[in-house]
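Chemist: Pasting a structure here, questions to come.
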Amino acid sequence: MDLQIDDLKVSDYTKNTLHELGFTMVSDLEGYDYISLTQKFPLKRHRVFSIIQELNGAGYLLPPDNAVSIYDVPMSKRLFHILERNYFLYLSQLSLCSKEELACLRNLGEQTMIELEKICQEHHIELRSVHNIKENLAPYHLPFTSRHYEALYKYNITSIDDFNKITTHDLHIICQYYYYDTMKTYYILKDNGVVFQTWEDQYLFELLSGKIAQKISRKYRIDTISMLQSYSEEYIESMPSAILPSVKAMLAEYRS
């Protein structure tokens, strides 16, 4: 008989984190190791990392084959404490972070970074930079900062073609949930031939002009078609005449 996550003998924090990640049954974890689980939720890496040890100990989340534990690798106490404090329990977890992100870990100075790179090289763990991502995307003038490039790294997006692998909702997450930045990036990518994967909802800028979509988002805090459909017909009819015909036409087409 399959157990529910709530039936596991783990902390409430771990149970709550698993629920937040979409897991309700123990069988949902089958086939996952800490790398594949983190890659499924790339921008919740620290939430996943923080429950790995407990799930490992309970036998519900095993490391990949040939995973090297930090407890089995000779290293300075300084580096060990930095890795342990940031939930890096296995060397292969390091490849999920860019060099720039690792370099920002508290107390990780230049010499300690050199030590870390040497250890990774000895164990065939590749540490990569976001520099190539920036270079590859520079011609498209996307409204991205360093935080966006870190998110792209976690989604394994290194070129414009890689955006074809994600949904517009993923793009919204990459854009730090800023609607305008998501919309602006979406139009740039669409103009350059990107075709996003489908998801269970759609943002209004996928169905309406950017100007109207932005007005609806700003004035009514409505960003998606499902949110718009949740409002009554009377509420929609109260919208300004400048946007109402487009909204009604879009809803009629979407319902047909």
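Chemist: I need 68, 194 ordered by Cβ neighbour count within 10 Å, fewest first.
Modeler: Ordered by Cβ neighbours within 10 Å, fewest first: 68, 194.
Chemist: Right, another one. Note down the nm distance, to one decimal, between modelled labels 7 Å out along Cα→Cβ at residue 16 and at residue 136.
Modeler: 3.8 nm
Chemist: What distance in nm lies between label points placed 7 Å from Cα along the C-beta direction at residue 117 and residue 9?
Modeler: Between residue 117 and residue 9, the simple spin-label model gives 4.6 nm.
Chemist: If you don't mind, another one. Please report the spacing between the Cα centers of region 1-57 and region 132-149 in Å, no decimals.
Modeler: That distance is 32 Å.
Chemist: If r is the Cβ-Cβ distance from residue 129 to residue 229 and R0 is 30 Å, what FRET efficiency results, to the nearest 0.05?
Modeler: After rounding to 0.05, the efficiency reads 0.10.
Chemist: Under 15 Å from a point 7 Å along the Cα-to-Cβ line of residue 197: which residues of region 163-179 have their amide N that close?
Modeler: The answer is 163-174.
Chemist: Enumerate the aspartates and glutamates that residue 190 could reach by cross-link, defined here as Cα to Cα under 16 Å, with residues fewer than 8 away along the same chain left out.
Modeler: Filter leaves 161, 162, 170, 181, 206.
Chemist: Fewest first, what order do 163, 49, 88 take by the number of other Cβ atoms within 10 Å?
Modeler: Details: 163 27, 49 18, 88 21.
Final ranking by Cβ density, sparse to dense: 49, 88, 163.
Chemist: Follow-up. Rounded, prolate or oblate: which fits region 5-58 when a ≥ b ≥ c are the square roots of the eigenvalues of the alpha-carbon gyration tensor, with rounded for a/c under 1.5 and prolate only if a/b beats b/c? If you can, show how the numbers build up before the last one.
Modeler: Values: a/c = 1.41, a/b = 1.32, b/c = 1.07.
Judged from the Cα gyration tensor, region 5-58 comes out rounded (a/c under 1.5).
Chemist: Something else: Test of understanding: given the chain, find the longest segment containing no GluC sites (Glu not before Pro) that are in a DSSP loop and have at most 14 other Cβ atoms within 10 Å.
Modeler: Counting only loop sites that pass the neighbour cut-off, the longest clear stretch is 31-125.
Chemist: Rounded, prolate or oblate: which fits region 70-122 when a ≥ b ≥ c are the square roots of the eigenvalues of the alpha-carbon gyration tensor, with rounded for a/c under 1.5 and prolate only if a/b beats b/c?
Modeler: Working: a/c = 1.19, a/b = 1.11, b/c = 1.07.
Rounded, because the longest to shortest axis ratio a/c is under 1.5.
Chemist: Where q = 0.07, 0.09 Å⁻¹, what log10 of I(q)/I(0) comes from the Debye formula for the chain, counting one point per Cα?
Modeler: -0.34, -0.54
Chemist: Which order, highest average first, do 165-178, 70-83 follow once you tally other Cβ atoms within 10 Å for each residue and take the mean per peptide? Walk me through the numbers before you get to the answer.
Modeler: Working: 165-178: 17.7, 70-83: 14.0.
Top to bottom by mean Cβ count within 10 Å: 165-178, 70-83.
Chemist: Between residue 46 and residue 236, what is the label-to-label distance in nm when each label sits 7 Å out along the Cα-to-Cβ direction?
Modeler: 4.1 nm
Chemist: Okay, moving on. Would you mind checking 77/118; 134/184; 165/215; 99/165 for any pair whose Cα atoms are more than 20 angstrom apart?
Modeler: Working: 77/118 16 Å; 134/184 18 Å; 165/215 29 Å; 99/165 24 Å.
Distance filter (> 20 Å) returns 165/215; 99/165.
Chemist: Here is a further query. Answer rounded, prolate or oblate for region 131-191, using the Cα gyration tensor with square roots of eigenvalues a ≥ b ≥ c: rounded when a/c is under 1.5, else prolate when a/b is larger than b/c, else oblate.
Modeler: Working: a/c = 1.30, a/b = 1.21, b/c = 1.07.
Rounded.
Coordinate-derived values only; no laboratory data. As the structure is a computational prediction, the values presented were derived from the model and not from experiment. Every residue, glycine among them, receives a Cβ derived from its backbone with ideal geometry; neighbour counts consider all protein chains shown.
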